[in-house]
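Chemist: Quick one: the structure is below, questions incoming.
The values are calculated or read from the model by the stated rules, or taken from the named source; none is laboratory data. Worth saying up front: this structure is predicted, and the values here are computed from it rather than measured. Heads up, the Cβs are rebuilt from the backbone with ideal geometry, glycines too, and the neighbour counts pull from every protein chain shown. The accessibility values were calculated without ligands, DNA or RNA, using every heavy atom of the protein model including side chains. Shrake-Rupley method; radii C 1.70, N 1.55, O 1.52, S 1.80 Å.
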Amino acid sequence: QVQLVESGGGLMAPGGSLRLSCAASADIFSLYAMYWYRQAPGKERELVATITSDGQTKYLDSVKGRFTISRVNNKNTVNLQMNSLKPEDTAIYYCHFPAFGSWGQGTQVTVSS
């Protein structure tokens, strides 16, 4: 069982930035893709960003150009840099390790003035 621990959420004004991090307990982290999801109140969980083992990325259309997913393999960490935040980005953000079916505990991101 791979454990994922997220950090970095919080309250931010519109237009601000936050950086989320997710640390995995697996030493083979570098071999697999990692995902970030989010779930807003009353809505289904949606896929925000993905990164493959070799660093290829994909994004939800609504976050393209504002969010950047990255990974630091020697630290078993995947990050989500979120810039130009909007109120509609408010959600609980989860990292996901699909190869092992593991989910982080979630971190709340609230964008409000």
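Chemist: State which residue pairs qualify: first residue on the phi > 0 side of the Ramachandran plot and inside segment 15-32, second residue of a type outside the set (Asp, Glu) and open to solvent by 50 Å² or more (accessible area, probe 1.4 Å) in any location, beta carbons under 8 Å apart, and separation of 6 or more residues or different chains.
Modeler: Gly15/Ser84
Chemist: Within segment 6-79, which strands (runs of 3 or more DSSP E) (wholly inside it) include 2 or more residues that are under 14 Å from Tyr93 (Cα atoms) and open to solvent by less than 20 Å² (accessible area, probe 1.4 Å)?
Modeler: Working: elements: 10-12, 18-24, 34-39, 46-51, 57-59, 67-72.
It comes to 18-24, 34-39, 46-51, 67-72.
Chemist: Further question on the same structure: Restricting segment 80-113 to residues that are open to solvent by 50 Å² or more (accessible area, probe 1.4 Å) and hydroxyl-bearing (Ser, Thr, Tyr), which is farthest from the chain's Cα centre (by Cα)?
Modeler: Among residues in segment 80-113 that are open to solvent by 50 Å² or more (accessible area, probe 1.4 Å) and hydroxyl-bearing (Ser, Thr, Tyr), the one farthest from the chain's Cα centre (by Cα) is Ser113.
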